[in-house]
Amino acid sequence: MKDIFFCPEESNFYSNCLETFVLNNCRNSESIVEFGSGDGSPMINSLLKNKFDAVIHGFELNTLAWKLANSKIDEYNLAHKYIISNSCLFNSSQPKAEYLVANPPYLPAPDPDIYMPLLFGGVDGATVTNNLLSLGYKNVLVLVSSFSNPTSTIKIAAKNHYFVQNFMVLPLKFGYYSSEPKVKKYIDSLRQKKMAFCSENHYFLAGVLFRNSQESTINLSNELAQVMTSL
């Protein structure tokens, strides 16, 4: 869904997070569920660089993106390890897996009537991300934006017994969709409420690996919060 619309820097960053935090650490028996596979490019690029032999179950609601993804999967002969359904993960039977990964929609706005409604992340931008942290997967890799109420995501994660196992951060300029006057004005209002953290032209995007606290001895939640609220 989202991959068709986000910038190349974001796509490459997501791919790098997939490799560093998930594919490089997966055992062959461990499977992955992906929310919002988009056109499949980040995952495909990562798979072409890694010897990952388990199965990735992707979910993509947008039919055009789903068709593009499957075309690329066939082109690179990855159909045996990357399977994408034209459906929503939240409305599915939610297959079992060791990892859930996603670059979820995170644009905050008062309503989805924006340039690209598929990028609407709820009124604070964190709704979809926080819902993903309620599905019960042991490891969850998500991209978290500093202007999308990141502190709520960290709190929701802790409430659901997740610690921050690792993270990396990318500074980004506001792009076409985040600079839409309606969206930018709304982000400014969230900033006044300490729900968005950004400068006039930049924000932080973090790739965060959350792990169930029963499985983790590392907790970088405070460090992540400090970084994401520093702008």
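The values are calculated or read from the model by the stated rules, or taken from the named source; none is laboratory data. A quick note: this is a predicted structure, and the numbers were derived from the prediction, not measured. Don't worry about glycine lacking a Cβ; one is built from the backbone with ideal geometry, like all the others, and counts go over all protein chains shown. Areas reflect the complete protein model, heavy atoms only, side chains present, ligands, DNA and RNA absent. Shrake-Rupley method; radii C 1.70, N 1.55, O 1.52, S 1.80 Å.
Scanning segment 219-231 for residues that are part of a helix (DSSP H, G or I), within 12 Å of Asn166 (Cα to Cα) and out of contact with any helix residue (DSSP H, G or I) (no Cβ under 7 Å at 6 or more places or on another chain) yields Asn222, Glu223. For segment 59-118, the tally of residues that are closer than 20 Å to Cys26 by Cα and among the basic types (Lys, Arg) stands at 2.
Okay, residues lined up against (1) over 30 Å from Thr20 (Cα atoms); (2) open to solvent by 70 Å² or more (accessible area, probe 1.4 Å); (3) touching a Pro at 6+ places or on another chain (Cβ under 7 Å); (4) of a type in the set (Val, Ile, Thr):
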position	(1), (2), (3), (4)
His161	no, yes, no, no
Phe167	no, no, no, no
Ser178	no, no, no, no
Ile187	yes, no, yes, yes
Lys193	yes, yes, no, no
Asn201	no, yes, no, no
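When segment 101-126 is filtered for residues that are free of Cβ contacts under 8 Å to residues at least 24 places away in the same chain, charged (D, E, K, R) and surrounded by 13 or more Cβ atoms within 10 Å (Cβ to Cβ), nothing remains.
Of the residues making up segment 214-230, those that are surrounded by 13 or more Cβ atoms within 10 Å (Cβ to Cβ) and either modelled with pLDDT of 95 or more or of a type in the set (Val, Ile, Thr) (or both) are Leu220, Ser221, Leu224, Ala225, Val227, Met228, Thr229.
Whenever a residue of segment 135-153 is without any contact (Cβ under 8 Å) to a residue 12 or more places away in the chain, it has no partner that is surrounded by fewer than 22 Cβ atoms within 10 Å (Cβ to Cβ) and hydrophobic (A, V, I, L, M, F, W, C) lying with C-beta atoms less than 6 angstrom away and at least six residues away or across chains. Against the conditions (1) closer than 18 Å to Pro105 by Cα; (2) open to solvent by 20 Å² or more (accessible area, probe 1.4 Å); (3) within 17 Å of the chain's Cα centre (by Cα), Arg211 satisfies every one except (1).
No other residue among Ala69, Ala65, Ala97, Ala54 is closer than 30 Å to Cys198 by Cβ and of a type in the set (Gly, Ala, Ser) apart from Ala65.
Checked against the criterion of being touching an Asp or Glu at 6+ places or on another chain (Cβ under 7 Å), modelled with pLDDT of 95 or more and small (Gly, Ala, Ser), the candidates Ser134, Ser37, Ser71 yield just one match: Ser37.
Under the condition of being open to solvent by 30 Å² or more (accessible area, probe 1.4 Å) and out of contact with any helix residue (DSSP H, G or I) (no Cβ under 9 Å at 6 or more places or on another chain), which residue from segment 127-154 is farthest from Ser230 (Cα to Cα)? My answer is Gly136.
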